[in-house]
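A.B. asks: Before I ask anything, let me first share the structure, which is written out below as structure tokens.
What follows is calculated from the coordinates using simple rules that are stated; it is not laboratory data. This one's a predicted model, so the numbers in the text were calculated from it and none came from an experiment. Because the Cβ atoms are built from the backbone with ideal geometry, glycine has one as well, and the counts that use them run over all protein chains shown.
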């Protein structure tokens with residue numbers, strides 16, 4: 001891949017010298033275009049659900065030629081995204097950096113004092129809302145939410161509920177369940193949704209609130225059973241699975257999959273990326289993916305998105321405050 | 001030799017103490033309710049073992065004699081320090097003037113000034129290395145290296161290769 | 001028989017001119033990426049992932065697997081030539097590969113690594129072909145308790161690193177384990193040991209940073225001081241005679257390579273364990289069953305062959321849970337999984353039934369990739385060996401640049417580059433003071449797995465420590481671990497006993 005480049009390199013050298021004189025003004029003419037590769041910061045490590053989704057976006061952008069420069073994913077998953085948030089804050093005004101978010105976008109700055117205020121960031125686009133479903137292994141006798149609650153109560157606090165790290169989405173949904181049904185479970189944190197799925201099927205945990213996208217393979221193989229969905233309406237892929245709300249328990253929780261940019265990104269750049277993601281949201285690949293994986297493709301951008309972020313952050317602050325209160329008592 | 005051994009043992013003890021001081025911010029005991037050790041337990045108790053072993057090394061060295069053998073080779077120590085300083089200076093320069101200036105400078109210094117090689121070899125390496133880095137890392141692997149103030153110079157190159 | 005027919009169909013796919021070209025291209029690219037300190041199969045796969053849309057999915061996965069295989073072969077190259085493990089899977093290869101290179105036997109070590117990788121890869125692909133589906137359930141039986149027991153076993157196959165100061169070894173193991181806890185604690189969700197709240201530490205300390213620091217920069221400084229300008233490395237040469245000698249030497253090691261292959265395949269198959277513990281265990285077993293265990297670590301060719309068979313076997317093994325269960329055992333297989341999802345394929349138990357063309361095309365391409373990798377690797381050995389003949393000052397400058405850039409590339413943080421420099425100086429001083437560095441690096445690799453699975457088990461079992469010995473699989477591993485721990489101790493005591501008798505005579 002390195003061959004044949006020498007002559008072009010020489011040309012490039014000459015060209016770059018010529019261009020210094022012209023300055024970097026050429027891009028200002030018509031509409032804004034990225035001048036260098038776009039860095040897509042991912043708030044999670046390589047290989048997880050968030051990472052795979054971000055790389056899917058990257059592939060679609062490249063395949064459909066939605067950006068004039070390549071989009072390069074960079075994982076900054078340290079500290080539940082604390083590292084990524086700080087990085088975005090330190091690159092104020094940068095027009096070539098966007099960040100793929102998940103709910104740790106709200107929870108991490110609340111849980112740890114990292115000096116980041118998400119209101120300062122520039123919202124770009126919300127691509128989808130990922131859903132949560134209560135799962136048990138197919139070997140289990142549990143068929144309904146009532147069975148589940150009865151089983152948890154019967155276990156006397158030893159019911160093993162698996163999920164992602166403490167303070168992350170799964171643990172919040174679990175805390176909401178504990179509060180709603182006045183039950184106590186043993187929460188076992190794992191590194192990611194895939195790990196959780198495997199441990200459920202292997203019988204190392206009793207139930208989980210995994211995203212359908214992580215559990216789908218085992219569901220299709222008949223190895224895990226959905227009990228209830230935490231969405232306002234039933235999911236198309238599981239038409240027979242009731243929502244918690246239908247059952248009289250108002251638990252609705254989403255994982256947002258959005259893109260944000262640093263504070264003070266030039267307005268033209270914001271417009272460019274918003275348009276790029278809007279086009280992306282209309283592609284066939286993306287629509288197919290959201291249907292298969294039970295994602296709600298709910299596009300949102302601009303001020304509405306910012307308002308949504310702030311509302312969600314306040315909600316999370318309340319849930320977290322509840323959780324911490326429980327812990328100390 | 002013996003002096004250095006003691007100094008390092010003491011430094012490790014200091015480091016352990018520092019780790020322990022930080023580890024106690026999280027629970028270090030066995031928590032019956034959540035099951036098992038707290039978040040600070042692993043770093044705390046391991047640091048303690050480390051400290052005790054380092055103390056053991058220190059105690060063991062007392063009363064020993066080694067005939068005044070020195071830890072460093074006096075002649076070569078100067079080179080080592082020079083290389084370390086050059087390395088640190090290069091790393092400090094990278095975010096400011098970019099990898100494509102800092103790294104050739106380092107190569108030039110190392111090959112020409114430190115290694116006293118010929119001008120031809122020096123020039124080949126000084127020019128060849130950044131070219132290789134650009135085509136291998138940026139063009140092929142799509143990993144951008146820091147450019148610092150030289151960033152605008154790369155816009156036409158990006159336009160050409162991406 | 002049905003398997004063979006399916007495999008034959010698979011070969012019809014993978015031996016098409018386009019796919020054959022893709023394999024060769026992928027293997028070569030992977031080889032160079034893997035040979036670069038800091039870059040490994042994850043980087044290779046991540047980079048070409050979006051490119052794979054331009055070719056059909058069956059060719060795309062072949063490209064990804066070819067890069068994966070190439071990078072696994074390539075990892076041994078920097079371990080042997082520079083003494084810097086390019087990935088955690090290649091740590092064990094440095095133990096004997098580096099001394100061999102210093103004795104001027106770099107060519108021999110590289111041949112051993114290539115042949116061993118080939119044997120490991122081939123045996124495990126055969127196992128994969130025959131048993132992929134039935135073995136999937138074994139992977140599911142692996143919970144946190146079993147994970148902990150396995151990591152413990154990998155650790156103990158390694159203790160008693162002969163000849164080193166016991167106190168200093170313990171200090172290094174503890175230091176490695178403590179460094180592995182830096183960053184966010186998964187279980188409690190709180191940051192730990194983030195010195196001065198530097199955001200860079202939130203991500204923890206990567207194994208690569210420590211390895212590049214102590215083995216890359218530290219080694220250069222050490223050589224610089226101890227050598228008085230003359231390089232301690234004997235210039236390596238490579239001739240056909242040496243090539244023949246290499247193959248003959250390999251022919252005597254079927255037992256080591258066989259053990260390594262089976263071990264690698266089964267350990268690699270277990271999610272979360274993967275190739276690193278497999279290669280360490282293979283090395284440990286080769287040493288403890290050898291007639292001359294004292295030659296290990298000083299350039300024994302078996303010490304190169306054992307971990308290399310195991311890590312390549314494991315990389316094939318780790319494809320198994322990914323394809324049959326949709327569980328990635330490593331970041332690389334997670335990316336492969338992501339790729340398959342992008343092409344609309346659903347890895348999991350249904351894949352073998354619904355997409356036989358794809359699955360068998362992939363399996364047959366593992367065979368071709370393996371052949372291509374060993375051929376290309378051996379053809380390139382003279383080039384790599386030639387690189388070692390550079391003047392010492394030139395080689396040092398280039399290796400240092402590679403350390404800087406290779407340290408920056410995976411995380412794209414200057415923070416990691418500073419850490420590399422810091423670890424380099426610290427590693428140099430520690431090495432001069434006779435602290436063993438291998439336990440430090442190993443502890444950092446295995447530490448996070450160990451702590452996580454230990455605490456997960458205890459949480460799930462309400463603090464019951466006996467949980468580890470109540471489960472048959474984990475009890476077996478713990479018993480084996482105990483055996484490995486006691487064995488060197490017994491040997492040591494017996495030897496020590498004899499020695500203490502000696503002066504009396």
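A.B. asks: Rounded if a/c is under 1.5, else prolate if a/b is larger than b/c, else oblate: which is chain B, with a ≥ b ≥ c the root eigenvalues of its Cα gyration tensor?
C.D. replies: Working: a/c = 4.20, a/b = 1.50, b/c = 2.81.
Oblate is the answer for chain B, as a/c is 1.5 or above yet b/c matches or exceeds a/b.
A.B. asks: Once you have a ≥ b ≥ c as the square roots of the Cα gyration tensor eigenvalues for the stretch B:1-71, tell me rounded if a/c is under 1.5, and otherwise prolate or oblate according to whether a/b is larger than b/c. Don't jump to the answer; show the numbers that get you there.
C.D. replies: On the way: a/c = 5.68, a/b = 3.31, b/c = 1.71.
Prolate.
A.B. asks: Angle check, please: helix B:74-97 long axis (alpha carbons) against the longest principal axis of chain B (alpha carbons), in degrees 0 to 90, nearest 10.
C.D. replies: 60 degrees
A.B. asks: Let me ask something else. With each pseudo-label sitting 7 Å past Cα toward Cβ, what's the residue A:153-residue A:138 distance in nm, one decimal?
C.D. replies: Going from the residue A:153 label point to the residue A:138 one covers 3.0 nm.
A.B. asks: Calculate the mean, over all residues of peptide C:462-475, of how many other protein chain Cβ atoms lie within 10 angstrom of the residue's Cβ. The partial results should precede the final answer.
C.D. replies: Working: counts 9, 8, 2, 2, 0, 1, 0, 0, 0, 1, 0, 0, 0, 0.
That average works out to 2.
A.B. asks: With a Förster radius of 56 Å, plug the Cβ-Cβ distance of residue A:220 and residue B:52 into 1/(1 + (r/R0)^6) and report the FRET value to the nearest 0.05.
C.D. replies: Working: r = 54 Å, r/R0 = 0.97.
Here the calculated transfer efficiency is 0.55.
A.B. asks: Per DSSP H run of n ≥ 4, the term is -39500 (n - 2.57); total these for chain B, divide by its residue number, and report the mean residue ellipticity at 222 nm rounded to 500 deg cm²/dmol. Each step should come with its number before you reach the end.
C.D. replies: Working: 6 runs with 99 residues, N = 162.
Only helices count here, giving -20500 deg cm²/dmol.
A.B. asks: Does chain C classify as rounded, prolate or oblate by the C-alpha gyration tensor (a ≥ b ≥ c root eigenvalues; a/c under 1.5 gives rounded; else a/b over b/c gives prolate, otherwise oblate)? Don't skip to the end; give the middle numbers.
C.D. replies: Details: a/c = 1.39, a/b = 1.19, b/c = 1.16.
Verdict is rounded for chain C.
A.B. asks: Right, another one. What do the square roots of 5 times the Cα gyration tensor eigenvalues come to for the protein assembly as shown, in whole Å, largest first, as semi-axes of the equivalent ellipsoid?
C.D. replies: The three semi-axes for the protein assembly as shown are 42, 35, 30 Å.
A.B. asks: What span do the alpha-carbon atoms of the stretch B:73-161 cover on each of the three principal axes, reported in whole Å from largest to smallest?
C.D. replies: 51, 28, 20
A.B. asks: At residue B:120 and residue C:470, where each label point lies 7 Å from the Cα along Cα→Cβ, what is the point-to-point distance in nanometres?
C.D. replies: It works out to 7.6 nm between the two label points.
A.B. asks: Dimensions of the stretch A:133-253 along principal axes (Cα, Å, largest first)?
C.D. replies: Extents along the principal axes: 32, 30, 28 Å.
A.B. asks: Now for a different question. I need to check one value: relative contact order of chain A, counting alpha carbon pairs closer than 8 Å and at least 6 residues apart, in percent. List each step's numbers first, then the result.
C.D. replies: Numbers: 554 pairs, mean separation 79.1, N = 329.
Relative contact order of chain A: 24 percent.
A.B. asks: Taking the Cβ-Cβ separation of residue C:354 and residue C:248 as r and a Förster radius of 41 Å, what is the calculated FRET efficiency to the nearest 0.05? All intermediate terms of the calculation are to be shown ahead of the outcome.
C.D. replies: On the way: r = 47 Å, r/R0 = 1.15.
Given R0 = 41 Å and the Cβ-Cβ separation, E is 0.30.
A.B. asks: Right, something else. Compute the angle between helix B:99-108 and the longest alpha-carbon principal axis of chain B, please, reported from 0 to 90 degrees and rounded to the nearest 10.
C.D. replies: Once rounded, one gets 90 degrees.
A.B. asks: In addition: Within 10 Å of each Cβ of A:157-164, how many other protein chain Cβ atoms are there on average?
C.D. replies: Numbers: counts 2, 3, 0, 4, 1, 2, 0, 2.
Partner Cβ neighbours, averaged per residue: 2.
A.B. asks: Gain in length, residue B:30 to residue B:132, computed as 0.36 nm per residue apart minus the alpha-carbon separation, to one decimal in nm? Display every interim value, and only then the final one.
C.D. replies: On the way: separation 102, 0.36 × 102 = 36.72 nm, distance 5.36 nm.
Result for the pair: 31.4 nm of gain on full extension.
A.B. asks: Let me ask you something else. When Cβ neighbours within 10 Å are restricted to other protein chains, what is their mean count per residue of peptide B:71-78? Walk me through the intermediate numbers first.
C.D. replies: Numbers: counts 3, 3, 6, 0, 3, 7, 2, 1.
Taking the mean over all residues of the peptide, I get 3.
A.B. asks: Treat the count of other C-beta atoms within 10 Å as a stand-in for reagent exposure and order C:389, B:116, A:126 from fewest to most.
C.D. replies: Values: C:389 12, B:116 9, A:126 23.
Neighbour counts put them in this order, fewest first: B:116, C:389, A:126.
A.B. asks: If each of residue A:92 and residue C:12 carries a label point 7 Å out from its Cα toward its Cβ, how far apart are those two points in nm?
C.D. replies: About 6.5 nm, to one decimal.
A.B. asks: Which angle from 0 to 90°, rounded to the nearest 10, does the C-alpha axis of helix A:169-181 make with the longest principal axis of chain A?
C.D. replies: Orientation of helix A:169-181: about 30 degrees from the principal axis.
A.B. asks: For residue B:92 and residue A:69, what does the FRET efficiency come to when R0 = 22 Å and r is the distance between their Cβ atoms, rounded to the nearest 0.05? Each step should come with its number before you reach the end.
C.D. replies: Working: r = 30 Å, r/R0 = 1.34.
The calculated FRET efficiency here is 0.15.
A.B. asks: Another question, if that's okay. Of the listed peptides B:36-42, B:109-115, A:138-144, what is their order by residue-averaged count of other C-beta atoms within 10 Å, with the highest listed first?
C.D. replies: On the way: B:36-42: 22.1, B:109-115: 19.4, A:138-144: 13.0.
In decreasing order of mean packing, B:36-42, B:109-115, A:138-144 become B:36-42, B:109-115, A:138-144.
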